[in-house]
Amino acid sequence: MAAHIQERIKRLIIDQRLPSGAPLPTETELMELLGVSRNSVREALKALQAMGIVEIRHGFGTYVGPMSMAPMIEGLIFRTVAGHYRGEDSLLELLELREAVETGLIARLAGRIPEADLAELDAVVRRMEAEAAEGSVRAETDRAFHAALYGSLDNTLLSEVLEAFWDAFHRVRTDLVDVPTDPRVTCKQHREILESVRSGDALRAEEAIRDHFGNIRIRLRSAHRD
């Protein structure tokens with residue numbers, strides 16, 4: 001019954017084409033519309049809020065939620081942490097998921113990234129090099145590079161999924177494993193990714209991405225052995 005009510009509320013949002021932030025019917029209106037009790041409505045709304053589909057603002061009402069990737073990120077993080085403590089290679093599995101997605105996309109970008117985006121990527125790599133000279137590349141700079149790399153695909157959902165994978169991987173890695181890094185290698189690999197897509201060489205771009213993730217995989221395995 002709870003799942004059925006959730007589905008009907010989701011269908012209401014879809015059928016009425018309600019955007020994020022739009023108000024939903026009141027609890028009383030939903031009770032009448034769905035023919036269920038107040039407790040059933042509240043339980044369904046709480047479940048939908050946990051998924052980011054609705055937002056309950058106490059004293060104001062219920063609204064269509066941001067529908068962000070936050071629940072997905074938290075689910076990925078929990079699954080990865082739980083698997084790690086069961087002795088599974090869950091962090092490596094999450095890395096391989098990121099690699100599969102990015103490797104599948106990179107060939108589409110070779111020779112097609114607008115000059116403005118290439119200039120932004122150049123600036124990010126220069127920032128990496130400056131940070132490397134001081135001892136380490138910041139995670140935020142790494143994230144900025146990957147976000148800018150795929151920005152020209154103009155696919156909001158794809159960008160959110162890539163951000164979710166990146167966020168989950170780096171949050172879990174930071175908490176679970178002390179992975180040694182060589183900032184010079186990090187800079188070199190990101191520079192190679194940039195130059196390969198700039199040149200339009202799809203095979204070189206794929207190889208550059210695989211080398212980047214292969215290096216992370218080796219460091220993760222080394223950290224696990226330690």
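The values are calculated or read from the model by the stated rules, or taken from the named source; none is laboratory data. Quick caveat: nothing in here was measured; it's all calculated off a predicted structure. No Cβ is skipped: glycine too gets one built from the backbone with ideal geometry, and neighbour counts run over all protein chains shown. All accessible areas refer to the heavy atoms of the entire protein, side chains included, with ligands and DNA or RNA removed. Shrake-Rupley method; radii C 1.70, N 1.55, O 1.52, S 1.80 Å.
Of the three principal axes defined by the Cα atoms of segment 1-64, the extents in descending order read 26, 25, 21 Å.
Label-to-label distance, Glu43 versus Arg108, with points set 7 angstrom from Cα along the beta-carbon direction: 4.2 nm. If you find the alpha carbon centre of segment 108-128 and of segment 184-198, how far apart are they in angstrom? Each part's Cα centre sits 10 Å from the other's. Roughly what % of Cα-Cα distances in segment 70-224 sit above 28 Å, to the whole percent? Tail of the P(r) past 28 Å holds 18 percent of the pairs. Given +1 at the Cβ of Lys and Arg, -1 at the Cβ of Asp and Glu and no other charges, the dipole of the chain around its Cα centre is 420 debye to the nearest 20. Estimated at the nearest 10 Å², the accessible area of Asp182 is 60 Å² with a 1.4 Å probe. Using θ = phi - 60° in the Karplus curve 6.51 cos²θ - 1.76 cosθ + 1.60, the 3J(HN,Hα) couplings for segment 113-130 round to 7, x, 4, 4, 6, 4, 5, 5, 5, 4, 5, 5, 5, 4, 5, 4, 5, 5 Hz; x is entered for Gly and Pro. Secondary-structure-derived ellipticity at 222 nm for the chain, considering helices only, amounts to -24000 deg cm²/dmol, per-run term -39500 (n - 2.57) for DSSP H runs with n ≥ 4. The GluC sites (Glu not before Pro) found in segment 75-110 that occupy coil by DSSP, while having at most 16 further C-beta atoms within 10 Å, are Glu88.
In degrees, nearest 10, range 0 to 90: what is the angle between the Cα axis of helix 202-225 and the longest Cα principal axis of the chain? Once rounded, one gets 80 degrees. For a quick check of understanding: with a 1.4 angstrom probe and all protein chains in place, what accessible area in square angstrom does Met128 have, to the nearest ten? Rounded to the nearest 10, that gives 0 Å². A cut-off of 5 Å between modelled amide H atoms, ignoring neighbours fewer than 5 places along the same chain, links Asn155 with no other residue. Principal-axis analysis of the Cα atoms of the chain puts helix 70-85 at an angle of about 60° to the longest axis. Helix 183-199 and the long axis of the chain differ in direction by around 80°, with both axes built from C-alpha atoms. Note on the chain: with a GNM built from Cα contacts shorter than 10 Å, the maximum mean-square fluctuation among Gly21, Gly200, Gly52 falls on Gly21. The calculated FRET efficiency for the pair Val185 and Met67, based on their C-beta separation and a Förster distance of 45 Å, comes to about 0.75.
The phi torsions of segment 17-33, fed into the Karplus equation with coefficients 6.51, -1.76 and 1.60 and a -60° offset, translate into couplings of 6, 7, x, 4, x, 6, x, 9, x, 5, 4, 4, 5, 5, 4, 5, 5 Hz, rounded to whole numbers, with Gly and Pro shown as x.
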